[in-house]
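The values are calculated or read from the model by the stated rules, or taken from the named source; none is laboratory data. This one's a predicted model, so the numbers in the text were calculated from it and none came from an experiment. Note that we place each Cβ from the backbone using ideal geometry, even for glycine, and neighbour counts take in every protein chain shown. When the accessible area is computed, the model is the full protein with side chains, heavy atoms only, and any ligands, DNA or RNA have been set aside. Shrake-Rupley method; radii C 1.70, N 1.55, O 1.52, S 1.80 Å.
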Amino acid sequence: MRELDAVLQAFLDAAAADLGDDEIACFEVILDLPDPTLHAYLMGRSVPPDRPTATLIERIRASHRPQA
């Protein structure tokens, strides 16, 4: 989905310099997720079963939220 690509690219553009090796490896795992699963995670409809992925998904979600 192009929308997912846009969200992930925006996050990567903004946060790539701040990601550690473990987070980069986790991001690569996220890229391999099926689109429906990734969409559900990013929309907050479900939560990844492992803590590192859940934490990174939340960072991605937070970076995409409009700032008040």
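Computing the accessible area with a 1.4 Å probe over protein heavy atoms, can you report the carbon and sulfur percentage for the chain?
After summing per-atom areas, the C and S share lands at 55 percent.
Among 26, 38, 52, pick out the residue whose Cα is farthest towards the positive end of the charge dipole of the chain, where Lys and Arg carry +1 and Asp and Glu carry -1 on C-beta, about the Cα centre.
Farthest towards the positive end: 38.
Between residue 15 and residue 51, what FRET efficiency follows from the Cβ-Cβ distance if R0 is 22 Å, with the result rounded to 0.05?
After rounding to 0.05, the efficiency reads 0.75.
For the chain, rounded, prolate or oblate, judged on the Cα gyration tensor with a ≥ b ≥ c (square roots of eigenvalues), a/c < 1.5 rounded, else prolate if a/b > b/c?
Cα axes put the chain in the rounded bin.
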